[in-house]
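Novice: Sharing a structure with you now.
Laboratory data are not the source of any read-out in this text; all were calculated from the coordinates shown. Please read these numbers as outputs of a predicted model, since none were measured by experiment. Counting neighbours? That spans all protein chains shown, and the Cβs are built from the backbone with ideal geometry, glycine included.
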């Protein structure tokens, strides 16, 4: 017998989450790599993968349950299928755990859909959706199956990624669904229990980034960086199949500067605690045809070379073009970079994402006349970088030190090749 424990995901900051969906039913055979369930946090919905061979003997936390604490017992695996029946009446309390509460009934929905959502764990579940449907597929479908996401009161509805996916697939407007999560957040169970046409309860939709803007005391620092040497190095490197771009240098430099100033790669936690990450995952803002600006994550930037970062970023652009991001692709990283150079904007002041302490905005490359000594001048290629900081974690001195190291790396880019 092996206990299945809810561990959360790195971006959840060890906060309670939920089981959005079970992809296996009791008695099913399991093998390493199988997506056993979809785990839902306040940042993303990701696959819970099986690590060993076995059989799913008991589901202890029904699909749609929210508020599941980290390290909670959610299921039981056994090695032999003959042992599955022995756990038919097992409960979390039998193993020292707390019995999970069933998903709350949706007050604006009929009892039948709510019961169906609660019983989802006892029925064979379809395979977990791996990608956002392509725009071309949405255009070919009936209008009901691909509605435009409506906002309420000028603010985006606060909902989990998987809840939004379910709503699109069912042809629902997320803004019409009352959320049972924290701050009225719409969860997957709310979508499953929703009855179209029912009057929604009154609530104030909140946007995750908007919330962080008000919760985190933002301040901003900016610096002009000379990119002339970097552009020359880029041109000398781009003789092979992999093409390294300016943004790849910026992403790499951002992670290297964190070695000198690790506080920037941190987040404000509960009760005034601060978490400093040992890894660097960077959210990179890009345009997705069907959903506007999204910020997919490039993981493990701290250990990746320029060519590897360039390859991963190119893959992100392809996914954006095809509207094919998975929920894991859109999870929160530890730092964020937004480059508006392609739009000709001189600078950009980003909002810090939840679970992060800073974000970097990159403006367009522009020619600038600079002194060259002895009364002479020369033209260099310069861009303005803006660092948004959460003052609870990154004070003015720390933010200034980070920009100092970042500027030095970008103006002497050969250091990134070592």
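Novice: Compute the FRET efficiency between residue 379 and residue 340 as 1/(1 + (r/R0)^6), taking r as their Cβ-Cβ distance and R0 = 25 Å, and round to the nearest 0.05.
Specialist: The calculated FRET efficiency here is 0.65.
Novice: May I ask you to order 272-279, 317-324, 169-176 by the average number of other C-beta atoms within 10 Å around their residues, highest value first?
Specialist: Highest-to-lowest ranking by the protection proxy: 169-176, 317-324, 272-279.
Novice: Sort 372-382, 356-366 by the packing proxy (mean of other Cβ within 10 Å over each peptide's residues), most packed first.
Specialist: 356-366, 372-382
Novice: What number in nm² do you get for the stretch 293-357 if you take the convex hull of its Cα atoms and divide its surface by four?
Specialist: Result: 5.3 nm².
Novice: By the gyration tensor of its Cα atoms, with a ≥ b ≥ c the square roots of the eigenvalues, what is the shape of the stretch 329-418: rounded for a/c under 1.5, prolate for a/b over b/c, or oblate?
Specialist: Prolate is the answer for the stretch 329-418, as a/c is 1.5 or above and a/b outweighs b/c.
Novice: How many angstrom lie between the C-alpha centres of the stretch 211-265 and the stretch 51-99?
Specialist: 45 Å
Novice: Note the full-extension length gain between residue 351 and residue 226 as 0.36 nm times their separation in residues minus their Cα-Cα distance, in nm to one decimal.
Specialist: Taking 0.36 nm per residue and subtracting the Cα distance, the gain is 42.5 nm.
Novice: Does the stretch 215-417 classify as rounded, prolate or oblate by the C-alpha gyration tensor (a ≥ b ≥ c root eigenvalues; a/c under 1.5 gives rounded; else a/b over b/c gives prolate, otherwise oblate)?
Specialist: Taking the square roots of the gyration eigenvalues as a ≥ b ≥ c, the stretch 215-417 is oblate.
Novice: In what order do 414, 384 fall by count of nearby beta-carbon atoms within 10 Å, going from fewest to most?
Specialist: Arranged by neighbour count, lowest to highest, 414, 384 become 414, 384.
Novice: Among 245-252, 347-354, how do they line up from the highest to the lowest mean number of other beta-carbon atoms within 10 Å?
Specialist: Averaged packing, sorted descending, gives the order 245-252, 347-354.
Novice: Next up: How long is the gain from residue 169 to residue 315 if the chain were fully straight, where each residue apart is worth 0.36 nm and the alpha carbon distance is subtracted?
Specialist: Gain in length upon complete extension: 50.1 nm.
Novice: With labels modelled as points extended 7 Å from the Cα through the Cβ direction, what inter-label distance (nm, one decimal) is found for residue 412 paired with residue 53?
Specialist: Here the modelled spin labels are 5.6 nm apart.
Novice: Please say if the stretch 232-324 is rounded, prolate or oblate, where rounded means a/c under 1.5 for a ≥ b ≥ c the square roots of the C-alpha gyration tensor eigenvalues, and otherwise the choice is prolate for a/b larger than b/c and oblate otherwise?
Specialist: Working: a/c = 2.86, a/b = 1.32, b/c = 2.17.
Here the stretch 232-324 falls in the oblate category.
Novice: In addition: How far, in nm, would the chain grow between residue 278 and residue 2 when pulled straight, counting 0.36 nm per residue and subtracting the alpha carbon separation?
Specialist: Answer, rounded to one decimal: 96.4 nm.
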